[in-house]
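The values are calculated or read from the model by the stated rules, or taken from the named source; none is laboratory data. In this text, all values refer to a predicted model and were calculated from it rather than measured experimentally. FYI the Cβ positions are ideal-geometry reconstructions off the backbone, even for glycines, and counts take in every protein chain you see. We work out accessible area using only protein heavy atoms, side chains counted, and drop any ligands, DNA or RNA first. Shrake-Rupley method; radii C 1.70, N 1.55, O 1.52, S 1.80 Å.
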Amino acid sequence: MTTRHTEIASSLRAVRARIERACLDADRSPDEVTLIVVTKYFPVRDVVVLINEGVRDFGENRDQEARSKFQEVRALGHDIRVHFIGQVQTNKAASVTAYADLIHSVDRHRLIPALAKGADRAGRTVDCLIQVDLDRRSVSDDRGRRGGALPGEVLPLADAIAECSPLRVRGVMTVAPLDEDRDSAFGRLADIAGGLRSAYPDATWISAGMSGDLDAAIRQGATHLRVGTAILGSRPPLR
């Protein structure tokens, strides 16, 4: 086992233990929570190490890097699930739907037909989460910097996704505002998720929580965690 493999395996064990403790404190089963390891800027060899340690779910937010990386990983015969967690440009929708199993960042109506067309062309069914911007309070509020729909836009977006057969509405996603208590922010997302489930009972997924705030996310019902730094370390310089 290489030094890098040892480092990754140790960090992964620590994160898994942290998730188990948070689930125990929240009276939840760890089986309810999916760990997505964010591998942006990290090489295929690190992905293979993670696969050998039992990881199946991987997140990326750069189309060109993700496409080539996971084509290579799948060519090696590995069964993985790819999560696209960044903003999807409309002109990149066909490319992303060719390899991503779950898109966490559906946040505008004009993106949905492009995703559906790409998924249909690739002969794939793609799961979708609606990204919610918890920073903004109105359309005219310019505080939002990470993308996302306003809470009141979630159901109309879900309706539009549901009308496209290659796509499935599965839930919501957010990045917590920097200036808000994490439990408060993720609690707001949980309320929005509950409203979505009332209309779409299968939309049970909540993508929230990263390396620094996964414990709060679990307390507030997150089903998917996006963790990079705590497992792989600081990202290499931008290539």
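Scanning the range 81-118 for residues that are charged (D, E, K, R) and over 15 Å from Cys164 (Cβ atoms), we see that the one that is most open to solvent (accessible area, probe 1.4 Å) is Lys92.
Residues are listed down the side, and each one gets a yes or a no for (1) part of a helix (DSSP H, G or I); (2) modelled with pLDDT of 95 or more; (3) under 30 Å from Ala122 (Cα atoms); (4) not polar (S, T, N, Q):
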site: Glu7; (1), (2), (3), (4): yes, yes, no, yes
site: Ile19; (1), (2), (3), (4): yes, yes, no, yes
site: His83; (1), (2), (3), (4): no, yes, yes, yes
site: Val88; (1), (2), (3), (4): no, yes, yes, yes
site: Asn91; (1), (2), (3), (4): yes, yes, yes, no
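Could you tell me whether Ser165 is of a type in the set (Ser, Thr, Tyr) and part of a helix (DSSP H, G or I)? So Ser165 does not fit the description; no.
Somewhere in the range 119-134, is a residue free of Cβ contacts under 8 Å to residues at least 40 places away in the same chain and open to solvent by less than 20 Å² (accessible area, probe 1.4 Å)? The answer is no, given that none of the residues of the range 119-134 is free of Cβ contacts under 8 Å to residues at least 40 places away in the same chain and open to solvent by less than 20 Å² (accessible area, probe 1.4 Å). Please determine, by comparing only the residues of the range 34-78 that are over 18 Å from the mean Cα position of the chain (by Cα) and acidic (Asp, Glu), which one is farthest from Met210 (Cα to Cα). Across the range 34-78, the extreme among qualifying residues is Glu72. If you go through the range 196-214 and keep only what is charged (D, E, K, R) and buried (at least 18 other Cβ atoms within 10 Å of the Cβ), you end up with just Asp213. Screening Ile103 against (1) part of a loop (DSSP other than H, G, I, E, B); (2) touching a Cys at 6+ places or on another chain (Cβ under 8 Å) leaves a single unmet condition, (1). Here is the figure for the range 1-48: residues that are in contact with a Lys or Arg (Cβ under 6 Å, 6 or more places away or on another chain) and open to solvent by less than 20 Å² (accessible area, probe 1.4 Å) total 2.
Restricting attention to the range 42-65, the residues being in contact with a Phe, Trp or Tyr (Cβ under 7 Å, 6 or more places away or on another chain) and assigned to a helix (DSSP H, G or I) number 1. The residue pairs whose first member lies in the range 1-26 and is without any contact (Cβ under 8 Å) to a residue 40 or more places away in the chain, whose second member is surrounded by 14 or more Cβ atoms within 10 Å (Cβ to Cβ) and in a helix (DSSP H, G or I), and whose beta carbons are closer than 7 Å, counting only pairs six or more residues apart or on different chains, are Glu20/Pro30.
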